[in-house]
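Data block below; observations after.
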Amino acid sequence: MDFIEGEVLYFNKPLHWTSFDVVNKTRYILRHSLGVKKIKVGHAGTLDPLATGVMILCTGKATKTIDTYLHKDKEYIATIKLGATTPSFDGETEENATFPTEHITRELVIETLQKFIGEIDQVPPVYSAVRIDGKHAYEHARKAKDIEIQPRKVRIDSIELLDFALPYIQIRIACSKGTYIRSLANDIGKALHSGGYVSSLQRTKVGDVTLDDCISIESFQEQIEQEKVVL
């Protein structure tokens, strides 16, 4: 593989790693293996630290193709805890409110999920990388500043209920780029006259790239150390 000329790598992002952690680790591995001081490495779409799954990285001249991957449709499997909310819409922050779940049935969940299919207006979480007044929204949120984030159009192609075990439900979502699954979980909770936040999230597909195409950071490092790299 020629990482200087450019390669596209498919990783299964580890839990608790930021997207930049993956980029920095990959760059470190390549720099030391190739014996170079600099090498371009970029990611084609972020994943939250508490999310795992498909993450595409480009090296060298292939970084020019990043935009083509950014615009691909995505697929996720999310576990949502109903009956509670958090400020970040996931487990990064503590629960700040609780709600009843006794009225929620499997049938009600299936019926409610169908209402989100199609083009919808979605407000990104305040704990997100959306830029407000030149800063990321999460920077304002962590300083307890009140900010207003405008809704944006996203497309939900399908939502499938995989498991129902209150207070948790597990769903599979196929959607357009720019969709925040955390916001979707929060909106689903509201639509059920309760609350909801993401307790676990896995990105299972980006375009045609699936988890089966991905490797771990550890496996990548082992491959690089064992194989002769063509410069």
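I need the full set of residues from the range 33-88 which are in contact with a His (Cβ under 6 Å, 6 or more places away or on another chain) and either surrounded by fewer than 18 Cβ atoms within 10 Å (Cβ to Cβ) or part of a loop (DSSP other than H, G, I, E, B) (or both), in order please.
P49
Looking only at the range 178-228, which residues are assigned to a loop (DSSP other than H, G, I, E, B) and loosely packed, with under 15 Cβ neighbours inside 10 Å?
Of everything in the range 178-228, those that are assigned to a loop (DSSP other than H, G, I, E, B) and loosely packed, with under 15 Cβ neighbours inside 10 Å turn out to be H193, D208, S216, E227, K228.
With the structure loaded, tell me whether G83 is of a type outside the set (D, E), modelled with pLDDT of 90 or more and touching a Pro at 6+ places or on another chain (Cβ under 9 Å) or whether it fails that test.
The answer is yes for G83.
Is there a residue in the range 9-24 that is farther than 23 Å from V198 by Cα and free of Cβ contacts under 8 Å to residues at least 60 places away in the same chain?
Looking for residues that are farther than 23 Å from V198 by Cα and free of Cβ contacts under 8 Å to residues at least 60 places away in the same chain, one finds at least one in the range 9-24, hence yes.
The values are calculated or read from the model by the stated rules, or taken from the named source; none is laboratory data. The model shown is predicted, which means the values in this text are computed figures rather than measured ones. Quick reminder, even Gly has a Cβ in these numbers, built from the backbone with ideal geometry, and neighbours come from all protein chains shown.
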